[in-house]
Amino acid sequence: MTLPLPPDRAPLLREMTASLSAMPDPAASGHLRLFEDEAAHALGTAHAVAVSSGTTALHAALSACGIGPGDEVLVPALTVIMTVAPLRALGATPVFVDSDPATLDLDYEDAARKVTAGTRAIIPVHLWGRMGDPGALAAFASEHGLAIVEDAAQAVGTVRNNRPAGTVGTVGCFSMKDGKILWSGEGGFLTTASSQVAEHARAFRSHWQPAPPGEAPLSRLATNFRLAAPLAALALANLRRMPGLLEWRRSQTRYLLNALQRVPGLSALAPAAREEWNGFSPLLHIGLPGPRAFAEHLAQQGVPNSTGSFRLVPCDTRPPFPVPQQPCRGTAEILDRTLAVVLAEGDTAATLDHYANVVARAAAAWAP
Ligand SMILES: Cc1ncc(COP(=O)(O)O)c(C=O)c1O
């Protein structure tokens, strides 16, 4: 198997140079506006609002959905702390829901048990770019009268049942931190069909200025979640390279999974039927004893991966939250047994061959 050529990086320098030559001009927001228009068009949604990170996209989105003190929000334990931090910042309470090891999708029976009179929203997280069933999500949210705020930080480009990740719910939130397929170093954006949500997010990201129609500028306390102009230029250049970036990441993932095909104890996780996965992170089930220790060992040997390098654990067990009475066991099983290799745009065939060799040798010699 061979890798195609990576996408051309020349447009990045071109747009960055144009942005820098317009600075420091507080009104130099040309790249930002173009990015928002083209991102909305690319995702087939009415509005996109660019912000400083995926975390701030979630924060602005939850605020726009009216989430505040006393509200409960369902969130999978199968996620990173960044999904949950904005909830706490708004004074809301995260209620952790388990996931199904067979599908990685939310465990809707567990979610239903955890709905109370105070539940306002659900945050599905498309971890590793994998997307749950959009029909099941919409049906659950509608049955319980919940807003859906999608954490699509890792899922740009994934489509399931013809629904692009980030366009199923009230709002979709994306990260453009480096390492993401669509990156700007730091950055993020949200997508929505609702002009009210978009206007709230635009006001919220810049100290309530411009304010939504009918409200005075600066009339509410908000914050600064703006995306810096040079980063908007990178975001725009990358958005225009998006088809190439997506194909490149899918090819890298296919290449590595192909190289690991015959390694005893490891088997590739297949996407669901009618899921066009973005290939964010090559995913393998670890059938070896001591699977988490194996992932940690690989990280020490230079193969970056979610659990081994970033100590990804079920979010319900993290220190800021009370010790769970009934921990999310499906989530623990998924995280312990999944090897999710962390890729970057710069990873060439030589990098991936090296990863494959390290993994194959480590698996053959594994004795925890
Ligand atoms: C699933 C998920 N949610 C939220 C975030 C937060 O995004 P950011 O780092 O841009 O704030 C990340 C970041 O990597 C993420 O992977």
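Estimated from helices alone, the mean residue ellipticity of the chain at 222 nm is -12000 deg cm²/dmol (sum of -39500 (n - 2.57) over DSSP H runs with n ≥ 4, per residue). Ranking His31, His297 from most to least accessible surface, computed with a 1.4 Å probe over the protein chains only, gives His297, His31. Send over a whole-number figure in Å² for the accessible area per residue of the stretch 214-368, probe 1.4 Å. That works out to 47 Å² per residue. In a reduced charge model with +1 at each Lys and Arg Cβ and -1 at each Asp and Glu Cβ, the stretch 236-368 shows a dipole moment near 60 debye about its Cα centre.
In the chain, carbon and sulfur make up what percent of the accessible area (probe 1.4 Å)?
Values: 8830 of 15810 Å².
Ligands and nucleic acids excluded, carbon and sulfur give 56 percent.
Highest mean packing comes first when the peptides 17-24, 322-329 are listed by Cβ atoms within 10 Å, giving 17-24, 322-329.
Classify the stretch 197-298 as rounded, prolate or oblate from the Cα gyration tensor: take a ≥ b ≥ c as the square roots of its eigenvalues, call it rounded if a/c is under 1.5, otherwise prolate when a/b beats b/c and oblate if not.
Details: a/c = 3.26, a/b = 2.40, b/c = 1.36.
Because a/c hits 1.5 or more and a/b exceeds b/c, the stretch 197-298 counts as prolate.
Other residues with beta-carbon under 13 Å from the beta-carbon of Ala42 carry, at +1 per Lys or Arg and -1 per Asp or Glu, a net charge of -1. A dipole drawn for the stretch 195-270 from +1 and -1 charges on Cβ atoms has a positive end, and of Ala259, Thr223, Ser195 the residue lying farthest that way is Ala259. Projecting the Cα atoms of Gly91, Ala139, Gly30 onto the dipole axis of the chain, where Lys and Arg carry +1 and Asp and Glu carry -1 at the beta carbon, places Gly30 farthest toward the positive end.
May I ask you to compute the full-extension gain from Arg113 to Thr93, defined as 0.36 nm times their residue separation minus their alpha-carbon distance, rounded to one decimal in nm? Walk me through the intermediate numbers first.
On the way: separation 20, 0.36 × 20 = 7.20 nm, distance 1.62 nm.
The span from Arg113 to Thr93 would gain 5.6 nm if fully extended.
This model, with +1 at the C-beta of Lys and Arg and -1 at the C-beta of Asp and Glu, gives the chain a dipole about its Cα centre of some 460 debye. Shown is the FRET efficiency for Leu3 and Leu218, computed with R0 = 45 Å from the Cβ-Cβ distance and rounded to the nearest 0.05: 0.30. For the stretch 46-120, the solvent-accessible area works out to 35 Å² per residue, with a probe of 1.4 Å and every protein chain left in place.
Our coupling estimate for the stretch 164-176, obtained by passing each phi through the Karplus curve with A = 6.51, B = -1.76, C = 1.60 and θ = phi - 60°, is x, 4, x, 10, 7, x, 5, 9, x, 10, 10, 9, 10 Hz, Gly and Pro reported as x.
Computed from the C-beta positions of Ala193 and Thr351, the FRET efficiency with R₀ = 30 Å rounds to 0.15.
The values are calculated or read from the model by the stated rules, or taken from the named source; none is laboratory data. Note that the coordinates shown come from a computational prediction; the quantities given were computed from them, not determined experimentally. All Cβ positions, even for glycine, are placed from backbone atoms using ideal geometry, and neighbour counts span all protein chains on display. Remember, those area values only see protein heavy atoms, side chains included, never the ligands or the DNA or RNA. Shrake-Rupley method; radii C 1.70, N 1.55, O 1.52, S 1.80 Å.
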